[in-house]
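The values are calculated or read from the model by the stated rules, or taken from the named source; none is laboratory data. On a predicted model such as this, the values are computed, not experimentally measured, just so you know. Quick reminder, even Gly has a Cβ in these numbers, built from the backbone with ideal geometry, and neighbours come from all protein chains shown. Please note that ligands, DNA and RNA were not included when accessible areas were found on the heavy atoms of the full protein model with its side chains. Shrake-Rupley method; radii C 1.70, N 1.55, O 1.52, S 1.80 Å.
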Amino acid sequence: MMNQNKLEKQYTNKDFYKNGIFQKDVAKQAVKEVILSHGELYTDKIDREIWISDFGLGDFEHVGLASVTWFNDPLYDYFAMTMYLLPNQMIPEHIHRAIMEAPKKPAKYESWKVIRGWIYNFSEVGDPTPNPPLIPASFGSVKSKNFAIIRAGDTSALKKVETWHFMMAGPQGAIVDEYGVHHDRRGWFSSNPKAHPTK
């Protein structure tokens with residue numbers, strides 16, 4: 001097993017893209033190494049069900065996500081997943097809006113617990129926080145300028161329903177559990193018009 005918090009390889013976009021095509025198998029290996037480096041299990045279920053996306057932005061090194069959804073129940077309206085972020089990787093800034101077309105859904109509310117590593121948790125709610133981390137051009141413009149550092153074992157929650165937010169991992173990557181109401185991608189919108197949740 002890899003030493004905890006010691007990544008043997010630092011992946012870059014040169015690894016993740018060949019002739020402009022996203023190499024999901026390489027991304028999956030990078031995520032596996034982050035999981036193992038934090039002393040967590042990489043199970044058969046994770047290997048089968050992990051979802052990996054660069055959101056169509058072509059910059060998985062900096063903007064992307066790997067996750068496993070454990071529960072997403074529309075009847076009892078609850079949701080749980082684990083997110084796996086590479087070192088310094090960000091999720092696109094996004095907002096969850098109410099869905100007015102059938103089947104109608106209220107705007108998603110969510111909260112997070114950092115399991116390993118740490119994150120910057122950004123929100124549009126609150127005054128801008130000084131000295132933000134560097135945001136790459138591929139991310140797009142930023143509406144969420146208030147942030148806090150959330151460390152392993154700590155929790156946080158969406159400050160207000162239907163507000164912009166995103167997170168960014170620290171230098172060793174991060175593993176974050178998310179809990180919320182039922183997730184319907186029809187209500188997911190990014191501030192970057194190039195980002196798409198299913199890419």
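Taking a probe of 1.4 Å, how large is the accessible area per residue of the chain, in Å²?
51 Å²
Here's the picture: a label point sits 7 Å out from the Cα of Arg151 along the beta-carbon direction, and within segment 163-181 the residues with their amide nitrogen under 16 Å of it are 170-175. Were the residues from Trp51 through Ile115 laid out at 0.36 nm apart, the gain over their Cα-Cα distance would be 21.2 nm.
Remark: spin-label model distance His182-Val161 equals 1.5 nm, labels positioned 7 Å along the Cα→Cβ axis.
The Cα trace of segment 90-131 gives Rg and Dmax of 14.4, 43 Å, the first to one decimal, the second as a whole number. Per-residue Karplus couplings for segment 54-60, computed as 6.51 cos²θ - 1.76 cosθ + 1.60 with θ equal to phi - 60°, are listed in order as 9, 6, x, 8, x, 8, 4 Hz, Gly and Pro entered as x.
What is the helix-to-structure angle for 24-37, meaning the angle in degrees between its Cα long axis and the longest Cα principal axis of the chain, kept from 0 to 90 and rounded to the nearest 10? The angle comes out at about 80 degrees. Projecting the Cα atoms of Gly64, Gly187, Ile91 onto the charge dipole of segment 48-199 (Cβ charges, centred on the Cα centre) puts Gly187 farthest toward the positive pole. Protein heavy-atom surface of segment 99-171, 1.4 angstrom probe: 56% of the accessible area is carbon and sulfur, with nucleic acids and ligands not counted. Over the residues of the chain, the helix contribution to mean residue ellipticity at 222 nm works out to -3000 deg cm²/dmol, using -39500 (n - 2.57) for each DSSP H run of at least 4. What the Cα atoms of segment 70-194 give is an Rg and a Dmax of 14.4, 43 Å. When each of the peptides 97-110, 51-64 is scored by how many other beta carbons lie within 10 Å of its residues on average, the order from highest to lowest is 51-64, 97-110. For segment 1-78, the share of alpha carbon pairs falling in successive 10 Å distance bins from zero is 17, 42, 30, 9, 1 percent. The distance separating the Cα centre of segment 163-199 from that of segment 51-95 comes to 5 Å.
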